[in-house]
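K.L.:
Below is the structure I would like to discuss, written out as structure tokens.
Only the coordinates and a few stated rules stand behind these numbers; no lab work does. Everything quoted here is computed from the prediction, not taken from an experiment. So basically every Cβ, Gly included, is an ideal-geometry build from the backbone, and we count neighbours across all protein chains shown.
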Amino acid sequence: MTSVIDSLPYFDRQPTDDELDAADALIAAELAKSTFTKSTQTALHADIPALIPSRLSVMMEAEVSRVGGGVMRMVGGVDISRYESMRLPGPDEDEGAWVAAGRRHAVAAEAMRTRHANLAVLDRVGQDAWATAVHADELALAAVEADIRKVRKRTDAVNGARKRHQQEHIGQELAQLESEWKQLVSDNIEIAVANAVLEQEVHELQNR
């Protein structure tokens with residue numbers, strides 16, 4: 001047994017090594033009688049209900065299957081090729097190819113312009129926003145740490161009161177009950193001895 005859970009840890013004595021060994025032997029004997037084996041360790045108890053079947057939509061099921069199969073890029077969705085292919089058409093290609101290339105370049109230029117604007121805003125106000133967010137996080141952390149200190153203080157007070165109550169009241173009551181139990185056992189032994197003596201005397205009188 002790696003640990004001992006006692007109802008009165010501040011009063012009752014700790015078991016000896018021999019007592020722990022005896023308890024381990026009893027536990028091992030009970031486990032040997034049971035049907036609990038390694039093959040049944042992962043089996044659910046009969047009272048545990050079965051898992052609720054999945055109710056994902058068809059789209060979600062397809063996504064789960066896609067990710068489970070190792071395909072990380074979505075099939076369909078946003079066409080990102082317009083941001084990747086920046087090749088200009090050749091001189092022998094028709095007007096449609098040049099129009100499509102112009103559209104791709106226009107989209108890429110707009111994306112870069114938007115990104116540049118976002119980076120400019122981030123550079124202008126991002127540092128202050130970051131500092132404000134960090135300060136808010138520090139205040140939240142300080143509040144949480146203060147709450148933790150209060151809870152720990154109340155926990156120590158409760159544990160101290162519990163210890164005093166066990167030592168001063170319940171411990172004394174247990175000691176008194178133990179003393180009374182020992183006295184009753186002693187009285188029962190004396191009664192048993194007296195009965196044995198009387199039985200012997202009766203037996204001797206009957207044999208005369």
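K.L.:
Report the trypsin sites (Lys or Arg not before Pro) located in region 85-174 that are in a DSSP loop and have at most 16 other Cβ atoms inside 10 Å of their Cβ, or state none.
P.N.:
Arg87
K.L.:
Could you run the Karplus curve 6.51 cos²θ - 1.76 cosθ + 1.60 with θ = phi - 60° over region 191-208 and give me ³J(HN,Hα) per residue in whole Hz, x for Gly and Pro?
P.N.:
Residue by residue, region 191-208 yields 5, 4, 5, 4, 5, 5, 5, 5, 4, 5, 5, 4, 4, 5, 5, 5, 7, 6 Hz.
K.L.:
Report the gain in length on full extension from Gln200 to Trp98: 0.36 nm times residue separation, minus Cα-Cα distance, nm rounded to one decimal. Please list the in-between numbers first.
P.N.:
Working: separation 102, 0.36 × 102 = 36.72 nm, distance 12.64 nm.
Fully extending the segment from Gln200 to Trp98 adds 24.1 nm.
K.L.:
Given R₀ = 45 Å, what would the calculated FRET efficiency be for Asn207 paired with Ser179, taking r from the Cβ atoms and rounding to 0.05? Let's see the in-between values first.
P.N.:
Details: r = 42 Å, r/R0 = 0.94.
In this case the efficiency is close to 0.60.
K.L.:
What does the charge count near Ser179 come to, summing +1 for each Lys or Arg and -1 for each Asp or Glu among other residues with Cβ under 14 Å from its Cβ? Please list the in-between numbers first.
P.N.:
Values: positive: Lys182; negative: Glu173, Glu178, Glu180, Asp187.
Taking every other residue near Ser179 into account, the sum is -3.
K.L.:
Under a point spin-label approximation (7 Å from Cα along Cα-to-Cβ), what is the Asp156-Asp47 distance to one decimal in nm?
P.N.:
It works out to 4.1 nm between the two label points.
K.L.:
Using a 7 Å offset from the Cα along the Cα-to-Cβ direction at both Ala143 and Glu190, what is the distance between the two label points in nm, to one decimal?
P.N.:
7.0 nm
K.L.:
Right, next: From the backbone phi of region 163-180, what are the Karplus-calculated ³J(HN,Hα) couplings (6.51 cos²θ - 1.76 cosθ + 1.60, θ = phi - 60°) in whole Hz, Gly and Pro given as x?
P.N.:
5, 4, 5, 5, 6, 8, 10, 5, x, 5, 5, 5, 4, 5, 5, 5, 5, 5
K.L.:
Going by a ≥ b ≥ c, the root eigenvalues of the Cα gyration tensor, does region 80-192 fall in the rounded group (a/c under 1.5), the prolate group (a/b larger than b/c) or the oblate group? Intermediate results must be reported in sequence, preceding the final value.
P.N.:
Values: a/c = 15.67, a/b = 3.43, b/c = 4.56.
Since a/c reaches 1.5 but b/c is at least a/b, the shape of region 80-192 is classed as oblate.
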